[in-house]
């Protein structure tokens with residue numbers, strides 16, 4: 001960036017120069033001239049005065065000052081960074097980029113303008129592509145929405161009956177669970193056999209990592225312990241020495257006390273390092289255990305997919321209880337939100353995300369027409385604005401999770 005900008009037009013091409021700027025009087029020269037030449041010699045003190053000026057080749061003005069530093073810094077930042085243009089502050093007050101461009105006509109184009117042009121071109125290309133493919137995309141969206149709507153309707157129709165059946169069967173759930181476990185035993189055995197070798201390999205690898213970690217930490221701890229014992233021995237010797245020094249050995253006492261203070265400081269540092277080693281060991285140990293648990297979970301998930309089982313009575317009852325608990329959560333959401341939500345709407349959205357397999361996007365291009373889906377499943381009038389407000393409330397309640405996919409928002413169920 002240039003050192004100066006023109007205070008009139010903002011140009012960075014301003015050049016600093018000097019020119020005559022009036023008359024100044026040098027009293028020393030005038031006094032010497034008076035002594036040598038008399039009263040007329042006082043004129044020797046008269047001289048021309050030079051001043052800095054700033055000439056702008058773009059607007060043609062010559063000024064005695066450049067643009068003030070605060071405005072220059074804001075303009076330099078706006079020229080270089082497209083994102084910064086939205087957050088410019090002058091003397092603590094937010095100032096739009098248009099303020100500078102309207103006031104200063106010769107601000108140059110920079111990296112920010114190139115980025116903005118590239119973004120505009122990309123958006124234009126995307127708009128053109130969408131316009132060319134809009135009919136096909138809408139048709140595909142309608143088909144996806146129709147298929148998902150049928151699945152959600154089926155789940156919603158079954159839900160009431162399933163809840164009633166679950167309530168009736170709960171009295172004999174222990175017997176039902178026992179029968180299920182007896183019937184599932186062969187499949188469970190197949191699962192365990194399928195992952196047995198992988199589990200043994202995983203146990204071996206984790207045991208080796210644990211042993212390496214323990215050995216490494218023991219070496220660190222041993223070195224610090226030996227240093228600690230040595231320092232404590234030195235501390236004891238110096239304390240005994242101070243106790244036996246005579247009254248008049250002032251300098252030697254002072255030196256010994258300084259040595260003792262140094263030993264105490266090293267002891268404090270040693271203690272902090274030992275504590276740090278313990279924390280590091282515990283953290284790494286916990287991470288190893290967590291990684292092992294995750295890998296075991298993944299192995300069992302793979303085995304369950306290969307050797308599937310019907311949902312157990314206990315698992316089914318727990319799932320229905322989670323569904324029942326949504327009613328209180330919906331009451332809480334409605335007490336805090338201006339957008340009323342019914343339990344049926346919540347269930348329909350959660351079923352839609354589940355049946356979609358996650359990463360649900362609401363839109364006519366590449367997504368699901370959620371207003372149309374909810375209108376057909378629940379009834380009533382759902383707009384995109386209302387659906388977005390509902391999704392936002394469900395995210396805040398922790399029922400769904402928002403993320404981004406291909407630059408667009410999508411929703412998943414919590415892990």
Residue count, the stretch 90-115 (criterion: under 26 Å from residue 8 (Cα atoms), within 30 Å of the chain's Cα centre (by Cα) and surrounded by 11 or more Cβ atoms within 10 Å (Cβ to Cβ)): 9
Residue in the stretch 47-55 that is under 30 Å from residue 89 (Cα atoms), at pLDDT 90 or above and exposed (fewer than 12 other Cβ atoms within 10 Å of the Cβ) present: no
Members of the stretch 139-150 found to be surrounded by 15 or more Cβ atoms within 10 Å (Cβ to Cβ) and within 15 Å of residue 357 (Cα to Cα), listed by number: 144, 145, 148, 149
Some residue of the stretch 24-42 being part of a loop (DSSP other than H, G, I, E, B), modelled with pLDDT under 90, exposed (fewer than 14 other Cβ atoms within 10 Å of the Cβ) and over 40 Å from the mean Cα position of the chain (by Cα): yes
Residue count, the stretch 326-341 (criterion: touching a residue at least 24 places away in the same chain (Cβ under 8 Å) and surrounded by 14 or more Cβ atoms within 10 Å (Cβ to Cβ)): 6
Some residue of the stretch 127-136 being exposed (fewer than 15 other Cβ atoms within 10 Å of the Cβ), touching a helix residue (DSSP H, G or I) at 6+ places or on another chain (Cβ under 9 Å) and either closer than 30 Å to residue 378 by Cβ or without any contact (Cβ under 8 Å) to a residue 12 or more places away in the chain (or both): yes
Filter result for residue 288 (in contact (Cβ under 8 Å) with a residue 24 or more places away in the chain and more than 30 Å from residue 196 (Cα to Cα)): no
Condition broken by residue 201, with the remaining ones in (1) surrounded by 13 or more Cβ atoms within 10 Å (Cβ to Cβ); (2) closer than 22 Å to residue 290 by Cα satisfied: (1)
Number of the condition not met by residue 169 [criteria: (1) loosely packed, with under 14 Cβ neighbours inside 10 Å; (2) at pLDDT below 90; (3) under 30 Å from residue 324 (Cβ atoms)]: (1)
Candidate set from the stretch 153-162 (those that are surrounded by 13 or more Cβ atoms within 10 Å (Cβ to Cβ) and over 14 Å from residue 372 (Cα atoms)); member that is farthest from the chain's Cα centre (by Cα): 162
Of all residues in the stretch 306-325 being part of a helix (DSSP H, G or I) and without any contact (Cβ under 8 Å) to a residue 40 or more places away in the chain, the one that is surrounded by the fewest Cβ atoms within 10 Å (Cβ to Cβ): 322
Any hit, the stretch 274-293, residues being out of contact with any strand residue (DSSP E or B) (no Cβ under 9 Å at 6 or more places or on another chain), more than 30 Å from residue 224 (Cβ to Cβ) and surrounded by fewer than 11 Cβ atoms within 10 Å (Cβ to Cβ): yes
Residue 150 being modelled with pLDDT of 95 or more and either farther than 27 Å from residue 371 by Cα or assigned to a helix (DSSP H, G or I) (or both): yes
Search result, residues across the stretch 170-185 that are under 47 Å from the mean Cα position of the chain (by Cα) and within 14 Å of residue 310 (Cβ to Cβ): 177, 180, 181, 184, 185
Number of the condition not met by residue 203 [criteria: (1) in a helix (DSSP H, G or I); (2) more than 30 Å from residue 274 (Cα to Cα)]: (2)
Count - residues of the stretch 376-415 that are in a helix (DSSP H, G or I), touching a helix residue (DSSP H, G or I) at 6+ places or on another chain (Cβ under 6 Å) and surrounded by 19 or more Cβ atoms within 10 Å (Cβ to Cβ): 3
Test: residue 71 is surrounded by fewer than 13 Cβ atoms within 10 Å (Cβ to Cβ), within 30 Å of residue 95 (Cβ to Cβ), modelled with pLDDT of 90 or more and in contact with a strand residue (DSSP E or B) (Cβ under 8 Å, 6 or more places away or on another chain): no
Failed condition for residue 119, given (1) free of Cβ contacts under 8 Å to residues at least 40 places away in the same chain; (2) surrounded by 14 or more Cβ atoms within 10 Å (Cβ to Cβ): (2)
Lone unmet requirement of (1) surrounded by fewer than 16 Cβ atoms within 10 Å (Cβ to Cβ); (2) farther than 28 Å from residue 172 by Cα for residue 356: (1)
Members of the stretch 244-278 found to be assigned to a helix (DSSP H, G or I) and over 55 Å from the mean Cα position of the chain (by Cα), listed by number: 244, 250, 251, 252, 253
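The values are calculated or read from the model by the stated rules, or taken from the named source; none is laboratory data. Only a predicted model underlies this, so the values are computations on that prediction, with no experimental measurement involved. As a convention, Cβ positions derive from the backbone with ideal geometry for all residues, glycine included, and neighbour counts pool all protein chains shown.
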